[in-house]
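Reviewing the structure listed below.
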Amino acid sequence: MTLVAEVIDGVAIAEEIKGELRAEVAALAARGIAPGVATVLVGDDYGAKMYRRQIERIAAEIGLAYRDVTLPGDTSLGDVLAGIRSLDEDPAVHGILPLRPLPKGMEAPVLEALDPAKDIDCLHPINAGRLALGQPAVYPATPWACYVLLERYFARKGLDPKTAFEGKELVIVGRSNIVGKPAYFLALERNATTTTVHSFTWRAGTLPAHTRRADILIVAMGKAEFIKKDMVKAGAIVVDVGINMVPALDAAGNPILDEKGRPKRRTVGDVAFDEVKEVAGAITPVPGGVGSVTNVLLMRNVVRAAERR
């Protein structure tokens, strides 16, 4: 019998969290605390500018003060670091998010210049190290979003989110510093039996054997629709972190054109959603899954930073 996976609605969960954060922000306001977040953009990368707009919009929805620091792409490292230090020292700013990509040679010094207490995405080496040691001061938003989605899914099923991962085979596809590595540490924190696979596992020909035994599969490979139906265990929970743009095709496989005759594109994840949903027990969509929750959790980190001050 063909299964039809339950779709885990990241948009709905993000709205739930926004409501919780509004209440927390109101409670802080009653104590005279106004949480504030700042983004730092160096250059004019289109993706970074779009991300900045999303952060500004969500901050406004929750009631956070927002500050934008935008510098030309040819700004010297010294001037960028001076801007970071100014935000570090500003008591009205509780969270700082440098927007990537940063110009060549800037990423490491910029991240190290952050006040670890104002780092809202676990980017500073101290915070990344604390996470690896099981002593997290802040959670990285994207991998954290994976587990928040899973925990709320488990809660809806009547399971205790604190124990639902225990002993489960949890396989992470990808080992990036942004998602794969921190997702591994977060899985260990929840007592899952955890395996990380990556491009060299694929080259060795053993990656599907690992993914097929996963009770929970988190995919962050950066390859469009990489995970196919035959790579997933029946009834598994699949969390798709990927965001990829691919050509939009019609039923005959021909490109779909816009009104100006240009090929349209569509957003897909790292999982072949339409076929994997036939075997999985639950799955996150792209868009509308992990990404919807990620930015809201960045704001949660801002609120927590304000509460600690």
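Readers should treat all values here as calculations from the given coordinates under stated rules, not as data from a laboratory. Please read all numbers here as calculations on a predicted model, not as lab measurements. Methodologically, a virtual Cβ is constructed for each residue, glycine included, from the backbone with ideal geometry; neighbour enumeration extends over all protein chains shown.
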Taking +1 at the Cβ of each Lys and Arg and -1 at the Cβ of each Asp and Glu, which of LEU114, LEU207, GLY73 sits farthest along the dipole of the chain towards its positive end, judged by Cα position relative to the Cα centre?
LEU207
Can you give the extra length, in nm with one decimal, that the chain gains between ASP274 and ALA92 once fully stretched, where that is 0.36 nm per residue apart less the Cα-Cα distance?
60.9 nm
Tilt of helix 10-30 relative to the longest C-alpha principal axis of the chain, in degrees (0 to 90, nearest 10)?
20
What three numbers, in Å, describe the spread of the alpha carbons of region 238-309 along their principal axes, ordered from the longest?
58, 37, 13
Interchain or sequence-distant (5+) residues whose placed amide H lies within less than 5 Å of the amide H of ARG67 are VAL37, ALA38, THR39
Under the 7 Å Cα-to-Cβ spin-label approximation, HIS198 and GLN54 lie apart by a distance in nanometres of 2.4
Modelled label-to-label distance, ASN191 and SER176, 7 Å Cα→beta-carbon offset: nm?
3.2
So which lysines pass the test for LYS118, namely a Cα distance under 24 Å, with those fewer than 8 places away in the same chain ruled out?
LYS18, LYS49, LYS104, LYS181
Can you compute 3J(HN,Hα) from phi for each residue in region 121-134, using the Karplus curve 6.51 cos²θ - 1.76 cosθ + 1.60 with θ = phi - 60°, rounded to whole Hz and x for Gly and Pro?
9, 6, 9, 5, x, 5, 5, 5, x, 4, 4, 5, 7, x
C-alpha long axis of helix 141-156 to longest principal axis of the chain, angle in °:
60
Long-range amide H partners of LEU249, meaning residues 5 or more apart or on another chain whose placed amide H is closer than 5 Å, are ILE256
In deg cm²/dmol, rounded to the nearest 500, the helical mean residue ellipticity at 222 nm of the chain, built from -39500 (n - 2.57) for every DSSP H run of length 4 or more, is -12500 deg cm²/dmol
How much net charge surrounds ARG190 when only the other residues with a Cβ under 15 Å from the Cβ of ARG190 are counted, with Lys and Arg +1 and Asp and Glu -1?
-3
Net length gained if the chain between ALA34 and LYS18 were fully extended (0.36 nm per residue, minus Cα distance):
4.1 nm
Return the sequence-ordered ³J(HN,Hα) values of region 263-272 in whole Hz as given by the Karplus equation 6.51 cos²θ - 1.76 cosθ + 1.60 applied to θ = phi - 60°, using x for Gly and Pro.
x, 7, 10, 9, 9, 10, x, 8, 10, 6
Charge-dipole axis of region 40-126 as Lys and Arg at +1 and Asp and Glu at -1 on Cβ define it, positive-most pick from LEU97, ALA48, HIS124:
ALA48
Please list, or write none, the aspartates and glutamates whose alpha carbon is within less than 17 Å of the alpha carbon of LYS233, excluding same-chain residues fewer than 8 places away.
GLU6, GLU169, ASP215, GLU225, ASP270, ASP274, GLU275, GLU278
Semi-axes of the equivalent ellipsoid for the chain, please: Cα gyration tensor eigenvalues, times 5, square-rooted, ordered largest first, whole Å.
33, 24, 20
Interchain or long-range residues, amide H under 5 Å from THR196's placed H
ILE172
If I stretch the segment between ALA82 and LYS260 completely, what's the gain in nm (0.36 nm per residue apart, minus their alpha carbon distance), one decimal?
59.5 nm
Restricting to Cα atoms and excluding each atom paired with itself, what does the Kirkwood estimate give for region 175-309 in Å?
16.7
Note to self: Kirkwood Rh of region 1-85, Cα pairs, one decimal, Å, is 15.7
Mind pulling the angle between the C-alpha long axis of helix 77-89 and the longest principal axis of the chain? Nearest 10 degrees, somewhere in 0 to 90.
80
For region 215-222, in order, what is each residue's ³J(HN,Hα) by Karplus, 6.51 cos²θ - 1.76 cosθ + 1.60 with θ = phi - 60°, in whole Hz (x at glycine and Pro)?
6, 10, 10, 10, 10, 9, 9, x
